[in-house]
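The values are calculated or read from the model by the stated rules, or taken from the named source; none is laboratory data. Predicted, not measured: the structure shown is a model, and the values here were computed from it. Note that we place each Cβ from the backbone using ideal geometry, even for glycine, and neighbour counts take in every protein chain shown.
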Amino acid sequence: MKLIVIGMNHRSVGVELREVYAVPSDDISDLCTGLVRTERIAEAVVLSTCNRVEFYLVPADGVSDQEVIRIAKSKFGAPAKGLYSLVGMDAVQHLFRVSSSLDSLVVGEAQILGQVKEAFSQAEQAGTVGAVIRAAFTRSFKAAKRIRTDTEIARSAVSVGHVGAELARQIFGDLSSVQVLLVGAGKMGVLAAQHLSHHGAKKVLVANRTFDRGRDLAERYGWSASSYDDIPLLLQAVDVVICSTGAPQHVITYDMVRTAVSARRYRPLFLIDIAVPRDIEGRCCDVRDVYLYNIDDLEEVSRTNIEVRVEAARRADDLLSNELQAYQRWLREREAAPTIRRLREKQIELAHYEAERTLKRLPELDDDAQAAIHKLAEVMVSRMLHGPMKMLKQNAGTPRGDDLSLVVREMFALEEEDD
């Protein structure tokens with residue numbers, strides 16, 4: 001059984017497609033369950049973030065990789081263009097790179113590991129996690145932790161929220177006198193607020209669908225909170241807007257912006273949209289003196305301290321290689337496990353049988369002595385089988401391993417026992 005990945009990310013398609021195929025968090029468990037209910041897929045995890053939508057799948061016994069990919073694409077509903085598929089160790093390596101933020105738009109960002117863990121947890125709750133996915137994901141978490149601990153990748157790391165605020169700083173320089181509207185007080189909004197505060201922003205209005213949550217974030221930095229309903233009016237006064245909500249539809253529309261710009265006497269308005277699906281209607285960039293940036297425009301901004309992160313990424317790739325080798329060893333041992341288990345069970349059974357026959361001729365032995373003879377029989381079997389079991393483990397998953405397994409099963413009549 002092998003891992004398969006089908007998905008799209010910020011490299012393969014633009015935000016206009018990613019937002020269409022993004023999976024709402026509330027729908028992920030049902031989607032995982034639906035994939036497994038096809039009975040062609042044994043295990044499933046669905047990961048949906050602002051920069052990627054990916055299915056991690058394991059075929060059911062006897063099901064081909066291509067059939068799983070075909071089923072996944074039909075469930076995805078997305079056009080083939082922009083979708084990628086990876087199989088086996090290529091898929092595992094991709095998962096490790098995703099968890100470790102090496103495949104992120106902003107290399108080194110900390111949020112992706114939490115998002116992968118959440119996707120795994122949702123699949124666990126849905127009952128669609130088995131041995132293959134559990135091993136791959138838990139080892140990817142271990143690899144990500146090692147990379148953040150043992151490399152400099154996190155030292156200069158930023159998040160999408162930070163990058164959005166950094167773009168505002170690059171546009172205006174000194175943020176102390178810039179009027180900022182921060183729409184959304186979720187995770188990305190909080191990170192953007194941290195970065196705005198760090199760079200001296202003082203005139204910040206926070207608008208959140210839940211007013212109390214927006215007010216709590218604003219008061220943390222001595223800013224003001226505003227109602228969601230006031231956004232059309234606020235657009236007339238602010239210099240820059242940073243949007244990061246989870247709304248399924250546009251929060252700022254073309255009509256809102258066009259009306260606001262007329263009232264502003266065509267003072268420039270900068271709109272920074274770091275949400276997927278997008279919060280700001282794409283046509284807003286057509287309005288005179290309005291400058292719209294979405295999440296795909298932020299990659300250049302994220303190059304801050306890129307040299308440090310690139311060097312750290314090289315070191316991270318070395319660590320990933322070690323973790324991938326450990327996963328491959330687990331896979332090999334798992335493939336050899338049925339033959340090894342049956343071989344040991346049968347030989348231990350025979351050893352105990354012969355020990356009992358011997359003990360019947362030695363009735364004078366007490367319980368401790370009899371137990372010692374049984375233990376000796378087990379130890380002798382383990383010692384004799386150590387070499388064959390080691391060979392089976394080391395060669396599992398290769399043509400030679402298949403030959404060795406067949407020879408062992410025939411030599412020790414293991415097939416007869418299974419039939």
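Remarks
- Where a residue in region 355-369 is on the phi < 0 side of the Ramachandran plot and its partner, wherever it lies, is surrounded by 10 or more Cβ atoms within 10 Å (Cβ to Cβ) and not hydrophobic (A, V, I, L, M, F, W, C), with Cβ under 8 Å and at least six apart: Ala355/His374; Leu359/Gln370
- Against the conditions (1) in a helix (DSSP H, G or I); (2) over 19 Å from the mean Cα position of the chain (by Cα); (3) surrounded by fewer than 23 Cβ atoms within 10 Å (Cβ to Cβ), Glu39 satisfies every one except (1).
- Taking region 355-371 as the range and being surrounded by 11 or more Cβ atoms within 10 Å (Cβ to Cβ) and either under 53 Å from the mean Cα position of the chain (by Cα) or not in a helix (DSSP H, G or I) (or both) as the test, the residues that pass are Ala355, Leu365, Ala371.
- Which numbered condition Ala355 fails, given (1) in contact with a His (Cβ under 6 Å, 6 or more places away or on another chain); (2) within 18 Å of Pro338 (Cα to Cα): (2)
- Put simply, of Asp65, Asp90, Asp61 the only residue that is touching a strand residue (DSSP E or B) at 6+ places or on another chain (Cβ under 7 Å) and among the charged types (D, E, K, R) is Asp65.
- Checked against (1) closer than 27 Å to Ile272 by Cβ; (2) surrounded by 24 or more Cβ atoms within 10 Å (Cβ to Cβ), Ala136 passes all but a single condition, namely (1).
- Subset tally (residues that are in a helix (DSSP H, G or I) and within 15 Å of the chain's Cα centre (by Cα)) for region 5-28: 2
- Qualifying residue in region 218-233 (condition: closer than 26 Å to Leu105 by Cα, assigned by TED's automatic domain parsing to the domain that holds Arg169 and surrounded by fewer than 20 Cβ atoms within 10 Å (Cβ to Cβ)): no
- Residue in region 70-82 that is assigned to a helix (DSSP H, G or I), among the aliphatic types (A, V, I, L, M) and surrounded by 15 or more Cβ atoms within 10 Å (Cβ to Cβ) present: yes
- Filter result (out of contact with any Asp or Glu (no Cβ under 9 Å at 6 or more places or on another chain), within 30 Å of Glu333 (Cβ to Cβ) and hydroxyl-bearing (Ser, Thr, Tyr)) within region 101-131: Ser121
- Residue that is of a type outside the set (S, T, N, Q) and over 27 Å from Leu320 (Cβ atoms), where the choices are Gly7, Gly88, Gly14: Gly14
- Matching option when the condition is of a type in the set (S, T, N, Q) and under 16 Å from the mean Cα position of the chain (by Cα), among Gln115, Gln125: Gln115
- Qualifying positions in region 1-18 - surrounded by 19 or more Cβ atoms within 10 Å (Cβ to Cβ) and farther than 24 Å from Ala60 by Cα: Asn9, His10, Val13, Val15, Arg18
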